[in-house]
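Down below is the structure, laid out as structure tokens.
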Ligand code: ADP
């Protein structure tokens, strides 16, 4: 009995009388290898029955395997090893010595059971020899027809006299699976083994023959299609020579014809369809062009040429639907209802196109959806953000490979009616470049003079878009091309106040999200304070999109706790909100703690709503440089320079020393440098801050202002007044200076805010100065102020 380490093999098996290499990686195998190498390099290898078992125990591997000698070991990257072994003889596990840290077995060498033939002695030996020859012949046949086994194998087999070795080498050449190999291994009686091998070889020959038959059949098939194609091409060429002959009608053509007839198409469309069907017949069904024609026909026949839904314009019902979906927005709803009423009164195709303008998340999309619901039309939304290529709107000509219709026609095809409500989102984000001007294509879509015959490049046929109810949205009107803007009736939706957001959340967003997350009101409640906390500290926006997202976030977390059985219900309050939503994300930018020199509060409007901006100015000795920092846009920089020029032109009245600007530098900084800021609306604020710094008078910390300033000191109106005032209110401001021409915008400001803030409307800078510093211009004493700002000695200015 031999005692040696063992490695169970996965996916391979080894036969005696052969040399083989394989990789090992399992730690137990490596341990076994090490043990063998320390001893006499002998190892027992046997196949594992189930490949998936990672750590096989007794019974998981075959008892009969091969006693091998390790010839070579190569370390691979990682922990793996590559072994080269040579099979010495068959062995059978007698017992297991131990299984940890590697498997060690007692093995019985089976070679003494194998028969050694002594030729010419017995009949039995002659029979064995005969069987060996038969096997050899069969093997040779396999090699000649197969091509998978190298012909050299024959000559090497011819040199083997030992019949045992012969069988093992034959077996190692055959493409047989592990089970079959194992069977050969386990068959000790040489005649049986010879017989089994012959059966395996015969089986292999049969398989090869069938394989060849299949190959021949496939080849024939390919030849036939090639021939068909060739003939068809010839036929086409001949037809072309003879002029357009009649094409034989195929089943496919009949199918298209039938569909076209059922659609009751206009003559122009019907003719085009017929032509294309004929063309399909001519090009032959297998050609690449046929695919293109099919796509085209499918597209045309799918389009809703005459299909429309019936309108329901019932103003009362429309009002109910708008109210059902949206809180507040009184004016907006009225405007929409007026618009619908007019459409009802006159079915005028020239009705203007609604354009809903406002910051993100104020409900533009959802209003458009409600409109479609109330008139019972289908709804499509198409975002124009980043559309630069005209072809995106109007499609590519069919000569382009892979051409498709533009997005307008594709969307219409998708909804399947020719009169949907079509929302063109973010019309202000259209941009044109060398690939054409999408705005002009859009103009054609929206223009009632032209849109009844809108021609998509792909379609090559006019499609009537005049029945579509277009609604557009934009964040700002500034970037909408003029001609487009002219076509539109603008409805502004400004941001919401804190209380409006609270009500929207409580009455609309929370119930909606609870429902979407499968929660009921008993399972999750949010206290009013917590809701305000979400609005103030977790979102900073004009609309309610992030608010809705945070509420959805809460629902998800609560839902998860309920499903996991951690809790049955949750009440979100100010005390536990951090647990659900994490740390606060925003801090309201409150007013500065005290009034300071050279620090003023401006008001800005960004696409997410209004914000307050602190503007800081320092003056220092220098030579007249003006420095502007805080990521200011060009327009804002220019407006700062304009303010300074104005101040310089008024030096006399302002009592400023004539040399002042020659001898000092001015630095204007708008903190929170990461947010880009632009626009002219901080003009008066910047000029005021500069004056404050020069004259050394403090500016009230509860005062804010906005307005553009000209070189002559005139104050011009600016946009976004409602949002700016709301932001000022939020920050704790109680006095706001606004351009006189913005007076009417105050109507939009909610009464509650109007009560808390005192407004001053100004025509020019002189009035601003009077309001801020509380004095007429002539009273201002430059020397006093300047000293406070930069510590320059008073006598520097004596000689004014
Ligand atoms: P926009 O198109 O202006 O970016 P959305 O229409 O996508 O905004 O609105 C974002 C979310 O806020 C939607 O779920 C919408 O229903 C909701 N919402 C916005 N305004 C209101 C409102 N006044 N009342 C109820 N829900 C609103």
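The values are calculated or read from the model by the stated rules, or taken from the named source; none is laboratory data. Bear in mind that the values here come from a model prediction, so they are computed numbers and not experimental data. Virtual Cβ from ideal backbone geometry, glycine too; neighbours counted across all protein chains shown.
Could you say whether any residue in region 515-526 is within 12 Å of the ligand (Cβ to nearest atom) and either more than 22 Å from residue 583 (Cα to Cα) or surrounded by 20 or more Cβ atoms within 10 Å (Cβ to Cβ) (or both)? Yes, region 515-526 contains at least one residue that is within 12 Å of the ligand (Cβ to nearest atom) and either more than 22 Å from residue 583 (Cα to Cα) or surrounded by 20 or more Cβ atoms within 10 Å (Cβ to Cβ) (or both). For the condition away from the ligand (no atom under 13 Å from the Cβ), over 26 Å from residue 464 (Cα atoms) and surrounded by 14 or more Cβ atoms within 10 Å (Cβ to Cβ), residue 343 does not qualify.
If the condition is being away from the ligand (no atom under 16 Å from the Cβ), in a helix (DSSP H, G or I) and either under 16 Å from residue 466 (Cβ atoms) or modelled with pLDDT of 85 or more (or both), then region 420-444 contributes 441, 442, 443, 444. Considering (1) more than 9 Å from the ligand (Cβ to nearest atom); (2) in contact (Cβ under 8 Å) with a residue 60 or more places away in the chain; (3) within 12 Å of residue 469 (Cα to Cα), the lone condition that residue 374 does not fulfil carries the number (3).
Any idea which of 381, 397 is within 25 Å of the chain's Cα centre (by Cα) and either in a helix (DSSP H, G or I) or modelled with pLDDT of 85 or more (or both)?
381
Candidates in region 527-543 are the residues that are over 14 Å from residue 586 (Cα atoms) and part of a helix (DSSP H, G or I); of these, the one that is nearest to the ligand (Cβ to nearest atom) is 531.
In region 607-621, the residue that is farthest from residue 727 (Cα to Cα) out of those that are modelled with pLDDT under 90 and either crowded, with 21+ Cβ neighbours inside 10 Å or touching a helix residue (DSSP H, G or I) at 6+ places or on another chain (Cβ under 7 Å) (or both) is 614. Is it the case, given these coordinates, that residue 407 is under 22 Å from residue 449 (Cα atoms) and either away from the ligand (no atom under 16 Å from the Cβ) or surrounded by fewer than 19 Cβ atoms within 10 Å (Cβ to Cβ) (or both)? Criteria met by residue 407. Yes or no: region 5-23 includes at least one residue that is more than 28 Å from residue 167 (Cβ to Cβ) and out of contact with any helix residue (DSSP H, G or I) (no Cβ under 7 Å at 6 or more places or on another chain). No, because not a single residue in region 5-23 is more than 28 Å from residue 167 (Cβ to Cβ) and out of contact with any helix residue (DSSP H, G or I) (no Cβ under 7 Å at 6 or more places or on another chain).
This table checks each residue for (1) more than 16 Å from the ligand (Cβ to nearest atom); (2) surrounded by 18 or more Cβ atoms within 10 Å (Cβ to Cβ); (3) more than 30 Å from residue 321 (Cβ to Cβ).
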residue: 366; (1), (2), (3): no, no, no
residue: 380; (1), (2), (3): no, yes, no
residue: 383; (1), (2), (3): no, no, no
residue: 388; (1), (2), (3): yes, no, yes
residue: 391; (1), (2), (3): yes, yes, yes
residue: 396; (1), (2), (3): yes, yes, yes
residue: 403; (1), (2), (3): yes, no, yes
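When you check residue 417 against the structure, is it over 22 Å from the mean Cα position of the chain (by Cα), part of a loop (DSSP other than H, G, I, E, B) and at pLDDT 90 or above, yes or no? Considered against the rule, which asks whether it is over 22 Å from the mean Cα position of the chain (by Cα), part of a loop (DSSP other than H, G, I, E, B) and at pLDDT 90 or above, residue 417 comes out as yes.
Need the failing condition index for residue 447 against (1) touching a helix residue (DSSP H, G or I) at 6+ places or on another chain (Cβ under 8 Å); (2) away from the ligand (no atom under 16 Å from the Cβ), just the number. Among (1) touching a helix residue (DSSP H, G or I) at 6+ places or on another chain (Cβ under 8 Å); (2) away from the ligand (no atom under 16 Å from the Cβ), residue 447 violates only (1).
May I ask you to verify whether residue 354 is within 14 Å of the ligand (Cβ to nearest atom) and either out of contact with any strand residue (DSSP E or B) (no Cβ under 7 Å at 6 or more places or on another chain) or part of a strand (DSSP E or B) (or both)?
The answer is yes for residue 354.
Taking each residue of region 496-524 that is within 23 Å of residue 727 (Cβ to Cβ) and in a helix (DSSP H, G or I) and looking for partners that are at pLDDT below 90 and near the ligand (Cβ under 10 Å from one of its atoms) with beta-carbon atoms closer than 6 Å, six or more apart or interchain, yields 500/328.
Being assigned to a loop (DSSP other than H, G, I, E, B), modelled with pLDDT of 85 or more and closer than 30 Å to residue 136 by Cα is a property that does not hold for residue 197. If you check residue 359 against the conditions, is it outside any strand (DSSP E or B), buried (at least 17 other Cβ atoms within 10 Å of the Cβ), within 16 Å of the ligand (Cβ to nearest atom) and under 26 Å from the mean Cα position of the chain (by Cα)? Taking the combined requirement at face value, the residue satisfies it.
Out of all the residues in region 331-340, is one or more part of a loop (DSSP other than H, G, I, E, B), within 20 Å of residue 372 (Cα to Cα) and at pLDDT below 90? No: zero hits. Taking region 1-74 and the strands (runs of 3 or more DSSP E) fully enclosed by it, the elements with 3 or more residues that are surrounded by 13 or more Cβ atoms within 10 Å (Cβ to Cβ) and modelled with pLDDT of 90 or more are at 2-9, 42-47. Against the test of being within 16 Å of the ligand (Cβ to nearest atom) and in contact (Cβ under 8 Å) with a residue 12 or more places away in the chain, the options 546, 574 yield a single qualifying residue, 546.
Would you be able to say whether some residue in region 148-157 is closer than 21 Å to residue 90 by Cβ, out of contact with any strand residue (DSSP E or B) (no Cβ under 8 Å at 6 or more places or on another chain) and part of a helix (DSSP H, G or I)? Yes, the conditions are met somewhere in region 148-157. Here region 461-491 is the region considered, the condition is being at pLDDT 90 or above and closer than 30 Å to residue 272 by Cα, and the residue that is farthest from the ligand (Cβ to nearest atom) is 461.
Being out of contact with any helix residue (DSSP H, G or I) (no Cβ under 6 Å at 6 or more places or on another chain) and in contact (Cβ under 8 Å) with a residue 60 or more places away in the chain is the filter here; which residues of region 486-495 pass it? Show your work before the answer.
The initial filter retains those residues of region 486-495 that are out of contact with any helix residue (DSSP H, G or I) (no Cβ under 6 Å at 6 or more places or on another chain), namely 486, 488-490, 492.
Those that are out of contact with any helix residue (DSSP H, G or I) (no Cβ under 6 Å at 6 or more places or on another chain) and in contact (Cβ under 8 Å) with a residue 60 or more places away in the chain: 488, 489, 490, 492.
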